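Undergrad: Mind looking over this structure? Questions follow.
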Amino acid sequence: MVHIRDLALPDFPLLLAPMEDVSDPPFRAVCKANGADLMYTEFISSEGLIRDAAKSRQKLDVFDYERPIGIQLFGSDVDTMGECARISTHAGPDLIDINYGCPVKQVACRGAGAALLRDIPKMVEMTAAVVRNTPLPVTVKTRLGWDDTTKNVEDVAERLQDIGIEALTIHGRTRVQMYKGEADWELIGKIKNNPRIKIPIFGNGDIDSPQKAVEYKNRYGVDGVMIGRASIGYPWIFREIKHYVATGELLAPPTVEERVAMCRMHFEKSLEWKGQRAGIFEMRRHYAQYFRGLEGAKQWRTRLVDTNEPDEVRAIMDEIIAAEPVLVG
């Protein structure tokens with residue numbers, strides 16, 4: 001088993017990446033149903049939390065069926081991050097995660113997320129403040145470095161372990177790369193095999209198939225993998241990887257009935273958590289992925305995004321099953 005302090009995870013755990021405007025409780029519910037072992041909230045702005053912003057407060061919602069679950073924080077001020085660790089602890093997660101990897105301009109240009117890779121002393125100070133302000137395990141997600149000339153994650157891993165983090169997830173790209181090009185796992189593997197490193201090391205970036213998950217497990221020796229974009233509209237990626245790890249066999253892709261059932265579960269959870277208006281609106285970004293490759297998928301998606309009525313959404317989903325569309329790509 002893999003341990004983050006007293007939190008026991010199965011061998012080679014599969015983690016759901018925190019993704020802004022994606023990994024909310026409804027999305028996490030379908031990923032958990034398909035085998036995600038550890039999940040995180042969307043990242044939460046420490047400044048928003050201190051200001052008691054409604055959106056930031058709502059992101060603190062965690063539910064027992066999601067456990068183990070971590071709350072992920074980002075920010076640029078050391079004291080504010082420490083205070084937000086205290087606030088987040090009261091929401092009842094199993095751990096607190098710090099985001100030192102988000103590359104988007106709105107975050108990095110404010111001195112948060114991946115920007116801290118250019119100021120390691122401040123990163124260390126901020127991490128220490130979070131560790132001091134929560135009794136929960138603290139973990140970190142980061143990148144290889146700011147750019148190709150400053151891949152400093154080896155130093156980061158050792159220094160953050162020394163001040164008390166209990167697991168590290170590394171995305172195999174620099175901040176400058178954003179999400180372009182192929183993720184480089186060589187440095188991730190080097191850190192995992194560093195004899196000074198005792199905490200679990202999880203790899204992230206480009207895991208989009210069971211074969212790749214197992215290949216990277218064997219090649220780089222990571223304790224587990226974090227999956228992000230490949231799970232959007234396809235939460236079955238978790239069960240498919242687990243089955244392949246256990247048996248060496250590939251599962252058949254989900255049937256039309258399974259696709260509709262999972263999309264329906266996601267939809268109902270969205271209504272339940274967000275209310276009808278927001279729940280319907282925010283589900284629209286997911287339909288194309290759930291029904292990708294099905295014959296007639298474009299017309300189904302168009303109808304689903306054009307309605308504001310829950311019963312009409314449910315009726316369209318029933319129609320999809322009745323039409324018995326085939327997988328064409």
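Throughout, read-outs are computed from the coordinates displayed, never taken from laboratory work. Quantities reported herein were computed from a predicted structural model and do not represent experimental measurements. Because the Cβ atoms are built from the backbone with ideal geometry, glycine has one as well, and the counts that use them run over all protein chains shown.
Undergrad: List the GluC sites (Glu not before Pro) within the stretch 142-207 that DSSP assigns to loop and that have no more than 13 neighbouring Cβ atoms inside 10 Å.
TA: Glu182
Undergrad: Can I get the semi-axes of the stretch 107-160's equivalent ellipsoid? Compute them from the C-alpha gyration tensor as square roots of 5 times the eigenvalues, in angstrom, largest first.
TA: Value: 20, 13, 9 Å, ordered largest first.
Undergrad: Under the 0.36 nm per residue contour assumption, what length would be gained going from the current alpha-carbon distance of Glu249 and Lys298 to full extension?
TA: Net length gain for the segment: 14.5 nm.
Undergrad: Checking the a/c ratio against 1.5 first, then a/b against b/c, what shape does the Cα gyration tensor give for the stretch 81-123?
TA: It is prolate, given that a/c is not under 1.5 and a/b is the larger ratio.
Undergrad: Moving on. Quick one: of the DSSP bridges fully inside the stretch 1-95, what percent are antiparallel, nearest 5? Could the numbers behind the result be given before it?
TA: Working: 3 of 10 bridges.
Roughly 30 percent of the beta bridges in the stretch 1-95 run antiparallel, per DSSP.
Undergrad: Find the Cα radius of gyration of the stretch 19-75, compare it with 2.2 N^0.38 Å by division, and give the number to two decimals.
TA: Working it through for the stretch 19-75, the quotient is 1.11.
Undergrad: Would you report the distance distribution of C-alpha pairs in the chain as whole percents per 20 angstrom bin, up to the bin with the largest distance?
TA: 32, 57, 11
Undergrad: For Asp79 and Ala315, compute 0.36 nm times the residue count separating them, minus their Cα-Cα distance, and round to one decimal in nm.
TA: 79.9 nm
Undergrad: Given Cβ point charges of +1 (Lys, Arg) and -1 (Asp, Glu) and nothing else, what value in debye, to the nearest 20, does the dipole of the stretch 1-96 about its Cα centre take?
TA: Dipole of the stretch 1-96, to the nearest 20 debye: 140 debye.
Undergrad: State, in angstrom, two size descriptors of the stretch 142-231 derived from its alpha carbons: Rg to one decimal place and Dmax to the nearest whole number.
TA: Spelled out, the Cα radius of gyration and Dmax of the stretch 142-231 are 12.5, 36 Å.
Undergrad: Would you mind calculating the relative contact order of the stretch 267-329 from Cα pairs under 8 angstrom and at least 6 residues apart, reporting the percent as a whole number?
TA: 33 percent
Undergrad: To the nearest 10 degrees, how steeply does helix 297-306 sit against the main Cα axis of the chain, on a 0 to 90 scale?
TA: 80 degrees
Undergrad: Cα-based Rg (one decimal) and Dmax (whole number) for the stretch 151-287, in Å?
TA: 18.2, 52
Undergrad: Divide the volume of the convex hull of the Cα atoms of the stretch 44-182 by its number of residues and quote the answer in cubic angstrom per residue.
TA: It comes to 107 Å³ per residue, whole-number rounded.
Undergrad: Please sort by residue number the GluC sites (Glu not before Pro) in the stretch 218-273 whose DSSP state is loop and whose Cβ has at most 12 other Cβ atoms within 10 Å.
TA: Taking the stretch 218-273 and a limit of 12 other Cβ atoms within 10 Å, the loop GluC sites (Glu not before Pro) found are Glu249.
Undergrad: A follow-up question, please. Where does helix 256-274 land angle-wise versus the long Cα axis of the chain, in degrees 0 to 90, nearest 10?
TA: 60 degrees
Undergrad: Follow-up question, since we're still on this one. Could you run the Karplus curve 6.51 cos²θ - 1.76 cosθ + 1.60 with θ = phi - 60° over the stretch 88-95 and give me ³J(HN,Hα) per residue in whole Hz, x for Gly and Pro?
TA: Along the stretch 88-95, the couplings run 5, 4, 5, 6, x, x, 8, 7 Hz.
Undergrad: Mind running the shape call on the stretch 1-104? Use the C-alpha gyration tensor, a ≥ b ≥ c as the square roots of the eigenvalues: rounded below 1.5 for a/c, prolate if a/b tops b/c, oblate otherwise.
TA: Cα axes put the stretch 1-104 in the prolate bin.
Undergrad: Here is a further query. Taking the chain as a Gaussian network, where each spring joins two C-alpha atoms under 10 Å apart, which residue of Ile197, Ile241, Ile44 fluctuates the most?
TA: Greatest mean-square fluctuation among the candidates belongs to Ile197.
Undergrad: Of the candidates Ala17, Ala157, Ala315, which one comes out as most mobile in a Gaussian network treatment of the chain with C-alpha springs shorter than 10 Å?
TA: So, out of Ala17, Ala157, Ala315, the one fluctuating most is Ala315.
Undergrad: Would you mind giving the three semi-axes, in whole Å and largest first, of the ellipsoid equivalent to the stretch 214-329 according to its Cα gyration tensor? All intermediate terms of the calculation are to be shown ahead of the outcome.
TA: Numbers: eigenvalues 180, 61, 24 Å².
Three semi-axes, in Å: 30, 17, 11.
Undergrad: Of all DSSP beta bridges located in the chain, what percent are antiparallel, nearest 5?
TA: Roughly 10 percent of the DSSP beta bridges within the chain come out antiparallel.
Undergrad: Please compare each pair in Lys198/Lys274; Lys141/Lys212; Lys55/Lys151 to a cut-off of 31 Å on the Cα-Cα distance and tell me which ones are over it.
TA: Working: Lys198/Lys274 41 Å; Lys141/Lys212 21 Å; Lys55/Lys151 34 Å.
Those over the limit are Lys198/Lys274; Lys55/Lys151.
Undergrad: Right, next: On C-alpha positions alone, give me the angle between the axis of helix 310-323 and the longest principal axis of the chain, in degrees, nearest 10.
TA: Between helix and principal axis, roughly 70 degrees.
Undergrad: How far apart, in nanometres, would the label points at Asp162 and Asp11 be if each is projected 7 angstrom from Cα along the Cα-to-Cβ direction?
TA: A separation of 3.4 nm, rounded to one decimal place.
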